[in-house]
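The values are calculated or read from the model by the stated rules, or taken from the named source; none is laboratory data. This is a predicted model, so every value here is computed, not measured. Glycine also receives a Cβ, built like all others from the backbone with ideal geometry; neighbour counts cover every protein chain displayed.
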Amino acid sequence: MTDETVCTGFFRAATEAKGDISCLDQFQSSGVLQFISGNFLEALYNVPVAIINASMWLDWLTWENTLEDKQSLMRFVYYGGSVEFFFVLATLILGMTIYGLMNNKFMWGVVRCLEGFANTVGRFFAWAGLLMVLQQIMIVFLQRIFTRPDISIGFGIPLQFDISWFAEELKLYNALVVCMCVTYAFVQGSHVRVDLVYAAVKFRTKKMIDMFGSLIFMVPSAVLTWMYGWYFLWRHLIVPNPSASDSLDRLVNKARALRWNVETIGFSPNGFTGYFLFKILLVTFTAMVFIHAIAFFYRSFLEWKEGEESENKYLDKDTLGEGEEAYEGTH
């Protein structure tokens, strides 16, 4: 390695250290197992360094349009979809899992916390469904009865757009319900299950199927969606457009020409112009699915270990109230 070599560590590149060889450099050419081992070893270094050097990748939040802000934003974009970030998360989750295996109360606490987060977020954004209905009624009345071409909402400087803008905005409410309530619906058991063998097997076998599904289906699909969705999001917020194939050095070099270019083009001349919000929701949806996959694995493992008496333990399910038990699961 020459003096021009820049370390590939999660934040060693950000501090512009030169002449060092990271764990990843040493292991990446030796095979898959060595590659994974090297990344896990490097993640142990990256976690504390990420916290210490947070200003290197979070300075852009204060946005003063300086070169340092632009470089900070490009580092944030790179690390958000990087291998290093994945292994940092994997190391943290692995550490929590190992400790949880030794202390089941801690693992139950994680389950209750993550499921509580899913329920809280879902119950809040479920109101978007009501807003969607009310806005649709308002659109019909104003357009068909009062023949208004636009809608003005607010005081002083009102929000005034063509009716077609508000009509297309209904998609946003639908996206809010789908993306922000998906894990809430999962906790409540409201998703449709196509059951071929699940109902016929024993309790512990069900929990093994659940654990397998969370690790083999939920986690990989969330990771893949994040990898594509992360850069898809930023390609609609800034230029030059970042790419998943860009190295950190290349993105930092692009920072000199960086400027905000938020997508505000609608599908129709007077249509909804906030389609960049859907990209943000895609990334948020993916993060929530990933988080709940961990909670679902933990719950399935604990119920498998403790037996049928622990089924739905600490589960905060919605109810229609006393006397409405016959209708539970049908709403």
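Matching residues to (1) under 18 Å from V219 (Cβ atoms); (2) within 24 Å of the chain's Cα centre (by Cα); (3) in a helix (DSSP H, G or I); (4) at pLDDT below 95:
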| position | (1), (2), (3), (4) |
| --- | --- |
| F85 | yes, yes, yes, yes |
| T91 | yes, yes, yes, yes |
| M107 | yes, yes, yes, no |
| R112 | no, yes, yes, no |
| Q136 | no, no, yes, yes |
| F141 | no, no, yes, yes |
| R144 | no, no, yes, yes |
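If you go through the stretch 107-128 and keep only what is surrounded by 14 or more Cβ atoms within 10 Å (Cβ to Cβ) and more than 15 Å from G189 (Cα to Cα), you end up with M107, W108, G109, V110, V111, R112, L114, F117, V121, F125, A126, A128.
Confirm whether D210 is surrounded by 11 or more Cβ atoms within 10 Å (Cβ to Cβ) and farther than 30 Å from N312 by Cα. No. The selection criterion, being under 16 Å from L131 (Cβ atoms), in contact with a strand residue (DSSP E or B) (Cβ under 8 Å, 6 or more places away or on another chain) and of a type in the set (A, V, I, L, M), does not hold for L172.
Results for (1) touching a residue at least 40 places away in the same chain (Cβ under 8 Å); (2) of a type in the set (S, T, Y); (3) out of contact with any Ser or Thr (no Cβ under 9 Å at 6 or more places or on another chain); (4) closer than 30 Å to F161 by Cα, shown as yes or no for each residue.
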{"site": "V239", "(1), (2), (3), (4)": "no, no, yes, yes"}
{"site": "A244", "(1), (2), (3), (4)": "yes, no, yes, no"}
{"site": "A257", "(1), (2), (3), (4)": "no, no, yes, no"}
{"site": "G266", "(1), (2), (3), (4)": "yes, no, no, yes"}
{"site": "E303", "(1), (2), (3), (4)": "yes, no, no, no"}
{"site": "E311", "(1), (2), (3), (4)": "yes, no, yes, no"}
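For the stretch 59-68, the criterion of being buried (at least 16 other Cβ atoms within 10 Å of the Cβ) and among the aliphatic types (A, V, I, L, M) is met by none of the residues.
The residue that is farthest from K254 (Cα to Cα), counting only those in the stretch 59-83 that are among the polar types (S, T, N, Q) and in a helix (DSSP H, G or I), is T62.
Return the total of residues in the stretch 241-262 being part of a loop (DSSP other than H, G, I, E, B) and surrounded by 18 or more Cβ atoms within 10 Å (Cβ to Cβ). Lay out the reasoning, then the answer.
Our first condition is that a residue be part of a loop (DSSP other than H, G, I, E, B); within the stretch 241-262, this holds for 241-247, 258, 261-262.
Filter again for surrounded by 18 or more Cβ atoms within 10 Å (Cβ to Cβ), leaving 242, 246, 258.
The qualifying residues number 3.
Determine the pairs where a residue that is farther than 14 Å from T183 by Cα, located within the stretch 272-297, has a partner that is assigned to a loop (DSSP other than H, G, I, E, B) with Cβ atoms under 6 Å apart, the partner being 6 or more residues away or on another chain. Matching pairs, first to second residue: F272/G266; T273/T264; T273/G266; Y275/E263; F276/H236; F276/V262; F276/E263; K279/H236.
Taken over the stretch 263-316, the criterion of being of a type in the set (V, I, T), part of a helix (DSSP H, G or I) and within 19 Å of W234 (Cβ to Cβ) is satisfied by I280, V283, T284, T286. Filtering the stretch 242-269 to residues that are closer than 12 Å to R75 by Cβ and among the β-branched types (V, I, T) leaves only V252.
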